(Lines give C-alpha, C1' and ligand atoms only; values in the text may rest on other atoms or scores of the structure.)
Protein backbone atom coordinates (compact mmCIF):
# COMPACT_ATOMS: atom_id res chain seq x y z
CA UNK A 1 0.00 0.00 0.00
CA UNK A 2 1.34 3.44 -0.90
CA UNK A 3 1.94 5.78 2.01
CA UNK A 4 3.09 9.39 1.97
CA UNK A 5 5.93 10.18 4.31
CA UNK A 6 7.25 13.74 4.19
CA UNK A 7 7.36 16.90 2.09
CA UNK A 8 10.80 18.39 1.45
CA UNK A 9 10.61 21.88 -0.08
CA UNK A 10 13.23 23.01 -2.58
CA UNK A 11 14.19 26.69 -2.37
CA UNK A 12 16.17 28.53 -5.04
CA UNK A 13 19.46 30.12 -4.02
CA UNK A 14 21.98 32.15 -6.01
CA UNK A 15 25.01 32.44 -3.73
CA UNK A 16 26.45 29.61 -1.64
CA UNK A 17 28.11 31.88 0.94
CA UNK A 18 24.97 33.98 1.52
CA UNK A 19 22.82 30.83 1.73
CA UNK A 20 25.08 29.20 4.32
CA UNK A 21 25.34 32.41 6.36
CA UNK A 22 21.55 32.76 6.43
CA UNK A 23 20.44 29.15 6.86
CA UNK A 24 23.29 27.71 8.94
CA UNK A 25 24.62 30.63 10.97
CA UNK A 26 21.48 32.75 11.37
CA UNK A 27 18.64 30.18 11.41
CA UNK A 28 20.71 27.38 12.98
CA UNK A 29 20.12 24.63 10.42
CA UNK A 30 22.76 21.92 9.93
CA UNK A 31 24.29 21.04 6.59
CA UNK A 32 23.47 17.39 5.85
CA UNK A 33 25.07 17.04 2.42
CA UNK A 34 26.07 18.89 -0.74
CA UNK A 35 26.10 17.74 -4.37
CA UNK A 36 27.59 19.12 -7.58
CA UNK A 37 27.86 17.17 -10.82
CA UNK A 38 31.29 18.76 -11.36
CA UNK A 39 33.35 21.27 -9.31
CA UNK A 40 32.07 24.41 -11.11
CA UNK A 41 28.47 23.22 -11.49
CA UNK A 42 25.53 24.59 -9.44
CA UNK A 43 25.18 23.47 -5.82
CA UNK A 44 22.34 21.33 -4.47
CA UNK A 45 22.29 20.72 -0.72
CA UNK A 46 20.14 19.50 2.13
CA UNK A 47 19.84 21.27 5.47
CA UNK A 48 17.91 20.19 8.56
CA UNK A 49 16.81 21.31 11.99
CA UNK A 50 14.64 19.44 14.49
CA UNK A 51 13.43 16.99 11.83
CA UNK A 52 12.60 19.69 9.25
CA UNK A 53 14.37 19.13 5.91
CA UNK A 54 14.91 21.77 3.22
CA UNK A 55 16.72 21.42 -0.08
CA UNK A 56 18.53 24.47 -1.43
CA UNK A 57 19.36 24.60 -5.13
CA UNK A 58 21.35 26.82 -7.46
CA UNK A 59 19.90 24.92 -10.46
CA UNK A 60 17.63 27.31 -12.38
CA UNK A 61 15.20 24.57 -13.41
CA UNK A 62 14.46 23.28 -9.92
CA UNK A 63 12.27 26.08 -8.63
CA UNK A 64 11.58 29.80 -8.74
CA UNK A 65 12.81 32.37 -6.22
CA UNK A 66 10.20 34.00 -4.04
CA UNK A 67 8.65 30.85 -2.58
CA UNK A 68 7.06 30.73 0.87
CA UNK A 69 7.03 27.81 3.28
CA UNK A 70 5.35 27.45 6.66
CA UNK A 71 7.09 25.64 9.49
CA UNK A 72 4.77 24.66 12.33
CA UNK A 73 6.61 24.65 15.62
CA UNK A 74 6.53 25.14 19.37
CA UNK A 75 8.45 28.02 20.93
CA UNK A 76 8.13 30.64 18.20
CA UNK A 77 8.64 33.47 20.73
CA UNK A 78 11.91 31.91 21.85
CA UNK A 79 13.01 31.48 18.24
CA UNK A 80 12.24 35.12 17.45
CA UNK A 81 14.24 36.31 20.49
CA UNK A 82 17.14 34.06 19.50
CA UNK A 83 17.17 35.42 15.95
CA UNK A 84 17.02 39.04 17.09
CA UNK A 85 19.89 38.34 19.49
CA UNK A 86 22.13 37.19 16.64
CA UNK A 87 22.11 40.73 15.19
CA UNK A 88 22.09 39.44 11.61
CA UNK A 89 22.62 42.48 9.39
CA UNK A 90 19.83 41.69 6.93
CA UNK A 91 16.89 40.58 9.10
CA UNK A 92 15.23 41.61 12.34
CA UNK A 93 12.15 39.38 12.33
CA UNK A 94 9.15 40.36 14.38
CA UNK A 95 6.35 38.36 15.93
CA UNK A 96 2.80 38.65 14.66
CA UNK A 97 -0.46 37.37 16.13
CA UNK A 98 -2.78 36.19 13.38
CA UNK A 99 -6.59 36.09 13.08
CA UNK A 100 -6.35 32.27 12.96
CA UNK A 101 -5.02 32.17 16.55
CA UNK A 102 -1.35 31.69 15.84
CA UNK A 103 1.89 33.58 16.37
CA UNK A 104 4.23 33.83 13.41
CA UNK A 105 7.82 34.89 12.89
CA UNK A 106 8.56 35.50 9.20
CA UNK A 107 12.07 35.73 7.78
CA UNK A 108 13.03 36.30 4.17
CA UNK A 109 16.23 34.77 2.85
CA UNK A 110 18.68 36.68 0.62
CA UNK A 111 16.94 35.25 -2.46
CA UNK A 112 13.37 36.35 -1.72
CA UNK A 113 12.10 33.10 -0.20
CA UNK A 114 9.95 33.50 2.93
CA UNK A 115 10.04 31.11 5.87
CA UNK A 116 7.07 31.51 8.20
CA UNK A 117 7.63 29.93 11.60
CA UNK A 118 4.19 29.38 13.10
CA UNK A 119 2.89 28.33 16.50
CA UNK A 120 -0.82 27.75 16.94
CA UNK A 121 -2.11 28.98 20.29
CA UNK A 122 -4.36 26.92 22.55
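The values are calculated or read from the model by the stated rules, or taken from the named source; none is laboratory data. Keep in mind that what you see is a predicted model, and the values were worked out from it rather than measured. Cβ placement follows ideal geometry from the backbone for every residue including glycine, while neighbour counts extend to all protein chains displayed.
Out of all the residues in the stretch 1-17, which are exposed (fewer than 14 other Cβ atoms within 10 Å of the Cβ) and part of a loop (DSSP other than H, G, I, E, B)? Correct list: 1, 2, 3, 4, 5, 6, 7, 8, 14, 15. Taking the stretch 18-122 and the strands (runs of 3 or more DSSP E) fully enclosed by it, the elements with 2 or more residues that are touching a strand residue (DSSP E or B) at 6+ places or on another chain (Cβ under 6 Å), at pLDDT 95 or above and surrounded by 18 or more Cβ atoms within 10 Å (Cβ to Cβ) are at 44-49, 52-57, 102-108, 114-120.
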